[in-house]
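Worksheet for the structure shown next.
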Amino acid sequence: MEKTAKILHILEMATEPMSIQELSNSSGFDAHEVDKAIKRLKEEGKVISPRNSYWTLVK
């Protein structure tokens, strides 16, 4: 599964916003790779940060 797709899936299943480290732990990807994927998803308008350093899906 592509990194961005896996991160989107994890965020879909999450009950609250997640940090980069939490996403890294859940996905098995390095935190740096998760950060790059989150930046890409943010540019695509798929995720937002409702509070500093935490991420969730755009509803």
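Taking the stated definitions as given, is residue 1 modelled with pLDDT under 95, open to solvent by 70 Å² or more (accessible area, probe 1.4 Å) and not hydroxyl-bearing (Ser, Thr, Tyr)? Spelling it out, residue 1 is indeed modelled with pLDDT under 95, open to solvent by 70 Å² or more (accessible area, probe 1.4 Å) and not hydroxyl-bearing (Ser, Thr, Tyr).
With respect to residue 56, determine if the residue is hydroxyl-bearing (Ser, Thr, Tyr), in contact (Cβ under 8 Å) with a residue 24 or more places away in the chain and not in a strand (DSSP E or B). The answer is no for residue 56.
Applying the criterion of being part of a loop (DSSP other than H, G, I, E, B) and under 13 Å from residue 10 (Cα atoms) to the residues of region 25-45, the residue that is most open to solvent (accessible area, probe 1.4 Å) is 28. Scanning region 46-59 for residues that are surrounded by 15 or more Cβ atoms within 10 Å (Cβ to Cβ) and among the β-branched types (Val, Ile, Thr) yields 47, 56.
Would it be correct to say that residue 58 is touching a Lys or Arg at 6+ places or on another chain (Cβ under 8 Å) and of a type outside the set (Phe, Trp, Tyr)? Break it down stepwise before answering.
Details: touching a Lys or Arg at 6+ places or on another chain (Cβ under 8 Å): yes; of a type outside the set (Phe, Trp, Tyr): yes.
In short, yes.
The residue that is farthest from the chain's Cα centre (by Cα), counting only those in region 4-24 that are in contact (Cβ under 8 Å) with a residue 12 or more places away in the chain and open to solvent by 40 Å² or more (accessible area, probe 1.4 Å), is 16.
The values are calculated or read from the model by the stated rules, or taken from the named source; none is laboratory data. Treat the numbers as computed from the prediction; the structure is a model and nothing was measured. No Cβ is skipped: glycine too gets one built from the backbone with ideal geometry, and neighbour counts run over all protein chains shown. Keep in mind that these areas ignore ligands, DNA and RNA; they rest on the heavy atoms of the full protein, side chains included. Shrake-Rupley method; radii C 1.70, N 1.55, O 1.52, S 1.80 Å.
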